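Data first, discussion second: the structure below is written as structure tokens.
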Amino acid sequence: MRPVTRTTQTRKSSAARATALGLAALLAWTLHGFTGAPAGAGPSDTGLKGAIDEILTDPRLDGAAAGVVVADAATGAVLYRRDGGDRLMPASNTKIPTSVAAMALLGPDHRFRTEVLATGRRHAGTLHGDLYLRGTGDPTTLAADYDRLAARVAAAGIRHVTGRLVADDTRFDTRRLGRSWAADDESSYYSAQISALTLAPDTDYDSGTVIVEAAPASPGARPTVALTPRTGYVRVDNRATTVAAGRPDTLTIERAHGTNTLVVRGEIPVGASPTKEWVTVDEPTGYATAVFADALAAHGVRVWGPTRLGLPTPASAKPVAAHESMPLKQLMHPFMKLSNNMHAEALTKAVGHRVSGRGTWEAGLEAVDAYLVKEGVDTSGLRQADGSGLSRMNLIPAQRLTDLLLAVQDAPWFADWYASLPVACAPDRAVGGTLRRRMCDTPAALNARAKTGTLTGASALSGYVADAAGRRLVYSVVLNNHLAASVKDIEDAVVVTLASSDTAAGEIRRAEPRPGLRAPAPAASLPAASLECTWHKPEPTC
């Protein structure tokens with residue numbers, strides 16, 4: 001792949017090429033869908049501009065805002081632009097600047113390290129001092145990892161600790177939630193609290209959450225409730241009832257505001273599948289430390305003193321055991337494929353600590369902004385309020401997303417980052433991610449790679465695709481203020497049009513938006529696509 005050269009002369013040349021391409025497109029005849037039928041009534045421009053303009057006339061966008069930019073990946077020449085400079089809410093497309101800045105500033109081989117250290121002296125199996133559990137922001141640490149740390153403490157000969165178990169989460173600040181995150185998302189797993197010391201319940205790595213599973217018992221009895229991992233850190237308030245088979249399943253599981261009480265309500269019929277929810281915990285540092293303390297006890301290590309949270313590890317402390325995360329280039333896959341918000345926020349704070357020694361959102365976002373400027377992206381017209389896009393304060397024009405996607409192609413880590421993008425219609429969830437049921441049976445299938453983005457009234461798709469002649473294109477589609485439940489097929493129509501056309505020759509085959517059309521899901525989809533599809537647990541709708 002040819003790198004993008006960012007010089008004034010190249011930009012002028014690119015602009016000239018773009019003008020030439022636009023003139024050629026005006027002479028080309030637009031073709032409908034995938035059939036090759038000539039276009040009927042429509043815009044006077046029968047090239048790429050006319051095709052995409054026609055797609056954006058979909059009535060679901062009446063009164064809405066659309067920013068769309070398409071560029072040649074090799075030259076940077078803009079082939080199509082519609083309100084590309086308008087500041088729109090990008091939803092999870094915010095993860096694009098966060099992820100590339102993390103790759104550049106932390107490095108693709110960066111690993112988070114979780115350590116156990118000790119103060120005082122050891123004698124005959126007794127540590128006369130404190131045991132410290134120190135985290136650096138790993139959002140992928142599992143209960144099994146804490147169990148291995150505890151086993152290594154026991155293997156080091158420590159059987160008794162006369163002092164305290166201290167949790168050191170001071171790599172990050174104590175601000176747990178991002179700016180303008182919705183209060184009614186408090187117990188939703190995609191809005192978990194951020195800490196330098198946390199725990200994920202399974203290999204989707206949704207840090208700061210516990211899995212709660214409620215299964216029917218006999219009629220009239222309380223459902224059975226199980227936690228993963230098993231922990232006493234949260235309390236279950238089971239108010240639900242098992243009812244006769246055939247009755248509606250109304251069971252819900254939520255964490256009560258400001259507590260670690262998980263309230264199970266409603267009814268679940270005999271014979272129904274268990275209800276399974278990923279629920280956030282209050283104060284993930286305490287959660288991780290409680291699971292580690294249980295693991296210590298299971299391995300025969302008794303801590304006699306109290307547990308303390310949020311204290312720094314003394315410089316005199318000696319290492320006892322350590323766990324390292326997967327490298328960042330591998331962590332990018334669950335992060336980007338599954339649009340993991342907590343990974344984005346942990347990386348934002350980690351970048352802040354790496355660049356300025358401050359593990360805060362402010363420091364991290366300043367570092368991301370500085371990196372974008374270094375890559376030639378004009379950041380004066382955008383606002384990034386968090387790392388994930390969960391905040392509705394984020395405003396990024398489609399042109400700036402396109403500029404960034406063009407700029408990073410010459411980075412030494414680009415191939416690893418590119419591999420983390422979801423792939424259209426790739427059925428394996430670890431490959432297709434949020435695109436695994438989109439653009440199937442089209443030239444974009446297994447071709448387009450992109451980051452998706454969804455919040456209520458905001459939808460985005462930005463990435464790369466090869467056109468029908470093999471020309472690589474970069475695109476960004478950001479749609480806002482629509483009232484429709486979903487406008488994903490409008491985004492898809494833009495990308496499928498690019499994949500179906502020979503854009504250099506002006507041979508354009510316009511794809512029609514096809515509402516509701518995608519590969520079948522194994523479970524019924526939710527009626528509205530107001531959130532990223534992978535955020536619907538346990539069965540993602542993508």
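The values are calculated or read from the model by the stated rules, or taken from the named source; none is laboratory data. Quantities reported herein were computed from a predicted structural model and do not represent experimental measurements. Methodologically, a virtual Cβ is constructed for each residue, glycine included, from the backbone with ideal geometry; neighbour enumeration extends over all protein chains shown.
Data for the structure
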quantity: Cβ-Cβ under 6 Å pairs, at least 6 apart or on other chains, segment 258-286 side under 21 Å from D185 (Cα atoms), far side among the charged types (D, E, K, R) and surrounded by fewer than 16 Cβ atoms within 10 Å (Cβ to Cβ); calculated: T261/R235; T261/D237; V263/D237; R265/R239
quantity: Per-region count, segment 406-447, residues under 25 Å from I508 (Cβ atoms), in a helix (DSSP H, G or I) and either of a type in the set (D, E, K, R) or touching a Phe, Trp or Tyr at 6+ places or on another chain (Cβ under 7 Å) (or both); calculated: 0
quantity: Filter pass, V377 being of a type in the set (V, I, T) and more than 21 Å from A91 (Cβ to Cβ); calculated: no
quantity: Segment 334-359, residues that are surrounded by fewer than 24 Cβ atoms within 10 Å (Cβ to Cβ) and either at positive phi or among the charged types (D, E, K, R) (or both); calculated: R354, G357, R358
quantity: Subset of segment 128-142 that is assigned to a loop (DSSP other than H, G, I, E, B) and in contact with a helix residue (DSSP H, G or I) (Cβ under 8 Å, 6 or more places away or on another chain) - its residue that is surrounded by the most Cβ atoms within 10 Å (Cβ to Cβ); calculated: P139
quantity: Long-range neighbours under 8 Å by Cβ, at least six apart or interchain, first residue within 22 Å of N481 (Cα to Cα) within segment 441-453, second aromatic (F, W, Y); calculated: A450/Y464; A450/Y475
quantity: Hey, F292 assigned to a helix (DSSP H, G or I), modelled with pLDDT of 95 or more and under 25 Å from D185 (Cα atoms) or not; calculated: no
quantity: Leading residue by the ranking (farthest from the chain's Cα centre (by Cα)) among those in segment 278-299 that are of a type in the set (S, T, Y) and under 17 Å from D138 (Cβ atoms); calculated: T289
quantity: Among the candidates S339, S316, S356, residue that is hydroxyl-bearing (S, T, Y), modelled with pLDDT of 95 or more and not assigned by TED's automatic domain parsing to the domain that holds P90; calculated: S316
quantity: Test: residue in segment 210-233 that is surrounded by fewer than 15 Cβ atoms within 10 Å (Cβ to Cβ), modelled with pLDDT of 95 or more and in the same structural domain as A156 (by TED's automatic domain parsing); calculated: no
quantity: Options D145, D202; residue that is touching a residue at least 40 places away in the same chain (Cβ under 8 Å), out of contact with any helix residue (DSSP H, G or I) (no Cβ under 6 Å at 6 or more places or on another chain) and crowded, with 17+ Cβ neighbours inside 10 Å; calculated: D145
quantity: Within segment 453-488, tally of residues that are crowded, with 19+ Cβ neighbours inside 10 Å, within 22 Å of the chain's Cα centre (by Cα) and not aromatic (F, W, Y); calculated: 19
quantity: Residues within segment 437-491 that are basic (K, R) and either at pLDDT below 95 or more than 22 Å from A77 (Cβ to Cβ) (or both), tallied; calculated: 4
quantity: So A450, is it small (G, A, S) and either in a strand (DSSP E or B) or buried (at least 23 other Cβ atoms within 10 Å of the Cβ) (or both); calculated: yes
quantity: Residue in segment 462-470 that is in contact (Cβ under 8 Å) with a residue 60 or more places away in the chain and within 29 Å of S191 (Cα to Cα) present; calculated: yes
quantity: Those residues of segment 360-388 which are crowded, with 22+ Cβ neighbours inside 10 Å, part of a loop (DSSP other than H, G, I, E, B) and in contact with a Gly (Cβ under 6 Å, 6 or more places away or on another chain), in sequence order; calculated: D386
quantity: Hey, S316 without any contact (Cβ under 8 Å) to a residue 24 or more places away in the chain and either of a type in the set (D, E) or not in a strand (DSSP E or B) (or both) or not; calculated: no
